[in-house]
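Here's the structure, in structure tokens; my notes come after.
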Amino acid sequence: MQTVLITGGTGMVGQALTSYLIDRGYEVIVLSRSAKKSSQQHLSYAVWDIEKQYIDSNALSAADMIVHLAGESVASKRWTPKRKQEIIDSRVKSGALLVKALKENKHKVKTVIAASAIGWYGPDTTSSLQNGFNETNSFDNSYLGATCQQWEESVKSINELGIRLVTLRIGIVFNIKGGALLEFIKPAKFGMATILGTGTQIVSWIHQHDLCKMIVFAAENEAIKGVYNAVAPYPITNKDLVNAIASKMHKFHLTVKVPEFVLKIMLGEMSIEVLKSANVSSNKIQSTGFVFDYPNVDAALKELL
């Protein structure tokens, strides 16, 4: 039985991944800021402290692989200068801690799966609208683009330690317990499809089950290394997405448009990302033989709603 050490394991994706791994026979150790006892079989907790650059060496020595998901939520608070730095630090400092721990401690870790995000890419171009952004495209000169670049750079030297590194640039994760989908569901409960801006912006998304499946697929296949986009094969416009959600919940619904200037007042700088169109390609991960269980929004919403 293999042991997986997870950073960010108490977050939305981390919790889903923990259950997915345990169901498939893995032992899971979740790194946490404080010591916890687990009542669940095959799950335990270990302490780490990013600010003090400390990690439980026993947890590290027990791990066969690491899944690195740690990072402050990008969308939970307004982007003040302080918050923006917290978002960067939580990613860069946690990555630096992992590298440091792997260099300085005895371990048997063979693989690290590290999270990144499709914020790496800028707004759509003529080329991306036609073919989708792929993993060779350079990072965007924006706050999120630069954040993702630093995020990925913080763990890049893991390759030099003889450990296989896989980086997943994750799209909007569909999970009804949190994240963007939950925000779209809230007005849909009252029979409203809330279109943001023009609604023509493309949303590149992934069902949480397929993300967990992809992480395990990457962990178990040694030929997979480097960067892969973790997005479903069929992205969708904001307008089509919110209408699909509202239609699933109500036979009849009202379409409401939220103008760009209102979003800018409500969200500040974060509105740039909400209004940005990013058509991201899943071709590379599919070329490895990975098969999505929820390739399109209809299939995903049918399961989630």
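Just so you know, all these numbers are worked out from the coordinates, no wet-lab data involved. None of these values were measured; they are calculated from a predicted model. When we count neighbours, we look across all protein chains shown, and the Cβ atoms used for this are built from the backbone with ideal geometry, even at glycine.
Taking the simple approach of a point 7 Å from Cα along Cα-to-Cβ for both S19 and R78, what is their distance in nm?
So the two model labels end up 3.4 nm from each other.
Quick one: putting +1 on the C-beta of Lys and Arg, -1 on the C-beta of Asp and Glu, what dipole do you get for segment 151-259 around its Cα centre, in Debye to the nearest 20?
In debye, rounded to 20, segment 151-259 gives about 560.
Could you calculate the FRET efficiency of K186 with M266 from 1/(1 + (r/R0)^6), where r is the beta carbon distance between them and R0 is 22 Å, rounded to 0.05?
Working: r = 14 Å, r/R0 = 0.65.
Approximately 0.95, to the nearest 0.05.
From the square roots a ≥ b ≥ c of the eigenvalues of the alpha-carbon gyration tensor of segment 163-262, which class results: rounded (a/c under 1.5), prolate (a/b over b/c), or oblate? Kindly include the intermediate steps, with their values, before the conclusion.
Numbers: a/c = 3.27, a/b = 2.30, b/c = 1.42.
Prolate shape, in that a/c is at least 1.5 and a/b is the bigger ratio.
Over every pair of different alpha-carbon atoms in the chain, take the mean of 1/r and invert it; report that Kirkwood radius in Å. If you can, show how the numbers build up before the last one.
Values: mean 1/r = 0.0500 Å⁻¹.
One decimal place: 20.0 Å for the Kirkwood radius.
Over 30 Å between Cα atoms: which of K36/K77; K77/K186; K82/K110 fall into that group?
On the way: K36/K77 27 Å; K77/K186 18 Å; K82/K110 36 Å.
Pairs exceeding 30 Å: K82/K110.
Mind checking which aspartates and glutamates have their C-alpha under 12 Å from K93, skipping anything on the same chain fewer than 8 residues away?
D49, E51, E72, E152, E153
Translational diffusion coefficient of segment 225-305 at 4 °C, 1.567 mPa s, Stokes-Einstein with Kirkwood Rh over Cα pairs, in µm²/s as a whole number. Please list the in-between numbers first.
Values: Rh = 15.2 Å.
After rounding, the answer is 85 µm²/s.
Using the structure shown, list the pairs from K106/K284; K37/K84; K108/K284; K248/K284; K108/K225; K189/K302 with a Cα-Cα distance above 26 Å, or answer none. Intermediate values should be presented prior to the final figure.
Details: K106/K284 34 Å; K37/K84 33 Å; K108/K284 29 Å; K248/K284 31 Å; K108/K225 18 Å; K189/K302 16 Å.
Table pairs above 26 Å Cα-Cα are K106/K284; K37/K84; K108/K284; K248/K284.
Going by the alpha-carbon gyration tensor, a ≥ b ≥ c the square roots of its eigenvalues, is segment 97-188 rounded (a/c under 1.5) or, if a/c is not under 1.5, prolate (a/b greater than b/c) versus oblate? The partial results should precede the final answer.
On the way: a/c = 2.59, a/b = 1.54, b/c = 1.68.
It is oblate, given that a/c is not under 1.5 and a/b is not larger than b/c.
Taking 0.36 nm per residue of sequence separation and subtracting the Cα-Cα distance, how much length would be gained by fully extending the chain between T198 and H250, in nm to one decimal?
16.4 nm
For every other residue with a beta carbon closer than 13 angstrom to the beta carbon of G25, add +1 if it is Lys or Arg and -1 if Asp or Glu, then tell me the sum.
Numbers: positive: R24; negative: D23, E27, D64, E220.
Summing Lys/Arg as +1 and Asp/Glu as -1 gives -3.
For L161 and H42, what is the calculated FRET efficiency with R₀ set at 35 Å and r taken between the beta-carbons, to the nearest 0.05? Mind dumping the intermediate values first?
On the way: r = 27 Å, r/R0 = 0.78.
Between L161 and H42 the formula returns 0.80.
Tell me which GluC sites (Glu not before Pro) from segment 204-305 have a DSSP coil assignment and no more than 14 other beta carbons within 10 Å of their own. Working shown, then result.
Values: sites: E220, E222, E260, E269, E273, E303; in loops: E222.
Answer in residue order: E222.
Using a Förster radius of 25 Å, what is the FRET efficiency between S32 and D89 based on their Cβ-Cβ separation? Nearest 0.05, please. Could you put the intermediate results ahead of the total?
Numbers: r = 18 Å, r/R0 = 0.73.
Working from the Cβ atoms, E equals 0.85.
Which order do the peptides 71-81, 205-215 take when ranked by the mean count of other beta-carbon atoms within 10 Å per residue, highest first?
Values: 71-81: 14.5, 205-215: 23.5.
So the peptides 71-81, 205-215, ranked by packing, come out 205-215, 71-81.
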